Structure formats: structure tokens, C-alpha cells
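Asker: Before we start, here is the structure in question, set down as C-alpha cells.
The values are calculated or read from the model by the stated rules, or taken from the named source; none is laboratory data. It should be emphasised that the depicted structure is a prediction, and the values quoted were computed from it without experimental measurement. So basically every Cβ, Gly included, is an ideal-geometry build from the backbone, and we count neighbours across all protein chains shown.
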Amino acid sequence: MAEPQYDYYHQRKNAPSTSKILAISTVVPFGASLLIFAFLTLTVTIIGLAVSAPLLVFFSPVLVPAALVIGFAVAGFLTSGACGITSLSSFAWMASYLRRSRLPEQLQCVKDRAQETLGDLAHRTKEAAETGISKAQEMAQSTTHEVGKAQ
């Protein structure tokens, strides 16, 4: 008696589940209807092309330049949009990179060094100006002294 239960369990295990049967019964009609729709679309497209081909050949001197102008205009708009999106995304990346980086600390270090350099330059300029003024005064005194001796 134990063996028939084993066989029943073994057969039940290999049988497809209810969800698989339901999925197959849903997918097969849906796929078949899409295949029929694809066939009908292809048929209508071929018939439409056969009917409109003589008209396209007859009106091609007008249609070709018009299609080129429209194509170039669309390409220009798409290129403009792509460049705009690229620039906005690069600015957004740069902003997030600057927020995450140590840039404020580096800028403060550069600012401190610039102030130190400018302070040193101001000190040297002041010394040079004082030296120039003192030499000018010495030259003025020596010139005055020489003029006094000459008279």
C-alpha cells in the first residue's frame, strides 16, 4: 500500500503546476494575436507602398528637397537638445563634485598664501620706496651743497 502513495506523489511532482498551465493558456492566445497583427501590418504596409510608389516618383522633385530641409531641421533641434542636456548634466556633475571635494579648504590655503605673498610684496615695496626717497633726498642735498659752493 505504501508504493501507490509514492507513485501518486512522484507523478504529482512532475506534473505542471496550475500557475504554469494558466500562464501558458494566457500567453499562447496573446502571442498568436500579436503574430496575426504583425502579419496584417506587414500586408497593409506593402500594399500602401505599392500604391504610393508612383506618387512618390512623380512628386520627388518637390518631396526630396522638402524632406532634406525637414531632416536637417530635426537634426539641428536634436543636436541642440543633446548639447543642452550634456551641458546641464556636466554642470550638475561639477556641482556635486565640488560639494564632495575639499575645495573650500584648498581655497582657504591658497587665499592665505596669496595674502602672505601680498604682505611680503607690500613690505618690500615700502622698503624700496623708502630707499628711493632717502637717495633722492641725499642727491637733492648734495646738489644744493654743490650749488652753494659754486656761488
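Asker: Being under 40 Å from the mean Cα position of the chain (by Cα) and modelled with pLDDT of 90 or more narrows it down to one of ALA75, ALA50, so name that one. Can you show your working first?
Answerer: Working: ALA50 fails: under 40 Å from the mean Cα position of the chain (by Cα).
Result: ALA75 is the single residue among ALA75, ALA50 that is under 40 Å from the mean Cα position of the chain (by Cα) and modelled with pLDDT of 90 or more.
Asker: Within the group SER96, SER19, SER80, SER25, which residue is at pLDDT 90 or above and either of a type outside the set (A, V, I, L, M) or not in a helix (DSSP H, G or I) (or both)?
Answerer: Details: SER96 fails: at pLDDT 90 or above; SER19 fails: at pLDDT 90 or above; SER25 fails: at pLDDT 90 or above.
Exactly one residue qualifies, and that residue is SER80.
Asker: Do we have GLU127 as surrounded by 10 or more Cβ atoms within 10 Å (Cβ to Cβ) and acidic (Asp, Glu) here?
Answerer: Numbers: surrounded by 10 or more Cβ atoms within 10 Å (Cβ to Cβ): yes; acidic (Asp, Glu): yes.
Here the answer is yes, as GLU127 does meet what is asked.
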